[in-house]
Amino acid sequence: MTAQTATGHIAQDVDAVPAKPEHKVGQLTTGELARERARLEAALHRPFAAEIKRLLRSRLDGVLAEQADRTRRRDEDTAAAKAELATQDAARAASAARTAGG
């Protein structure tokens, strides 16, 4: 492989790398985040140089971390909402019992 061919191959690799999203990962919608994950996972299956794969893996790790954080927050919010509803139901039941017994 000549130096010119090697340089052309590297340039071709760089051109094939998925572009970074317009916004930071934390600012992407859930759908945009899922599409970015799919794009990066697909790109990791392509024959890129090791340093490009490290870059892609790093970007994918950021996307996965954001998705995990959103899932954790959603689960915490759901649990808090359920606890609040249970508290309200108990308060209504106690009030109804006092009214009926009173």
Legend entry - Fraction of the pair-distance distribution of the chain above 24 Å, Cα-Cα pairs, percent: 52
Inset, instruction - Identify all aspartates and glutamates with a Cα-Cα distance to Lys20 below 13 Å; exclude those on the same chain that are fewer than 8 residues away in sequence. - result: Glu32, Glu36
Inset, instruction - Highest first, please rank the peptides 50-62, 86-98 by the mean number of other Cβ atoms sitting within 10 Å of their residues. - result: 50-62, 86-98
Legend entry - Projected label distance in nm at Leu44 and Leu85, using a 7 Å step from Cα toward the beta-carbon: 3.6
Inset, instruction - Note down the relative contact order for segment 21-101 as a percent, whole number, built from C-alpha pairs under 8 angstrom at least six residues apart. - result: 28
Legend entry - Gain in span if fully extended, Gln67 to Val17, counting 0.36 nm per residue against the direct Cα distance: 15.8 nm
Legend entry - In Hz, Karplus ³J(HN,Hα) per residue of segment 56-67 (6.51, -1.76, 1.60; θ = phi - 60°; x = Gly, Pro): 4, 5, 5, 5, 5, 4, x, 5, 4, 5, 5, 5
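Where a number appears in this text, it was derived from the coordinates with a stated rule and is not lab data. Note that the structure is predicted; figures quoted are calculated from it, not measured. Note that we place each Cβ from the backbone using ideal geometry, even for glycine, and neighbour counts take in every protein chain shown.
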